[in-house]
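A short reminder: the numbers here are calculations on the coordinates, not readings from a lab. Given the structure is predicted, the values throughout are model-derived calculations rather than measurements. Note that each Cβ is placed from the backbone with ideal geometry, even for glycine, and that neighbours are counted across all protein chains shown.
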Amino acid sequence: MAATLTITQVKSANGTNSRQRDTLRSLGLRKIGHSVERPDSPQLRGMVHAEATGVGGSYTTLASIGISSQSDGTLKIDDKIMSKVLADDPEALARVLVEEPGSPSKGVFSQFDASLKELLTGKDAPIGLRINSIAARVKQMTAQMDRMELQMDSYEQNLSKQFTAMEAAMAKLQAQGNQMSSIMSSM
């Protein structure tokens with residue numbers, strides 16, 4: 001079984017911009033404390049160690065602010081490192097995580113957002129390819145069912161014709177039998 005990343009919403013979406021809310025919706029997160037699992041991939045795992053674009057200073061990656069990926073695909077927060085970051089430079093946490101409007105800083109979550117959208121809806125996205133594959137299979141099965149229904153209708157018509165012919169033959173034989181019985185009784 002492939003490893004997965006567990007993503008949990010830890011803050012309210014109130015006060016966030018539309019792009020951040022879209023990211024939460026695309027991940028399937030609905031409220032604080034809600035978690036979803038996504039397949040682990042080198043892209044997602046690499047983002048934990050990737051530098052946030054346009055961010056300077058000593059805190060530029062998730063790992064530098066105390067967030068690391070585990071072998072099972074979950075993210076772990078190191079409280080000691082996170083506390084040190086918050087004591088040294090509380091704004092560093094925000095710079096690493098979120099995009100600052102009007103600045104060249106692109107937080108890690110913006111990079112996550114772009115990568116997740118590519119994995120979920122991109123041209124060669126595994127989920128999109130699977131949906132297309134299932135849709136094609138459903139189309140094939142529907143066409144096969146239509147052909148089988150036509151065959152069953154044709155078979156039913158043939159059986160109905162045979163039954164009608166058999167009934168006619170039985171009625172004819174019955175009439176002949178009755179005729180013979182009447183001839184025999186008159187003798």
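List of remarks:
- As a calculated quantity, the FRET efficiency between Thr164 and Ile127 at R0 = 41 Å, using C-beta atoms, amounts to about 0.15.
- For Ile67, distant residues with modelled amide H under 5 Å away: Asp78
- Members of Lys11/Lys139; Lys139/Lys161; Lys31/Lys139; Lys11/Lys117 lying beyond 31 Å, as alpha-carbon distances in this model show: Lys11/Lys139; Lys139/Lys161; Lys31/Lys139
- Note, ³J(HN,Hα) from phi for region 169-184, Karplus 6.51, -1.76, 1.60, rounded to Hz, x at Gly and Pro: 5, 5, 5, 5, 5, 4, 5, 5, x, 5, 4, 5, 5, 5, 5, 5
- For peptides 88-95, 124-131, sequence by mean Cβ density within 10 Å, most packed first: 88-95, 124-131
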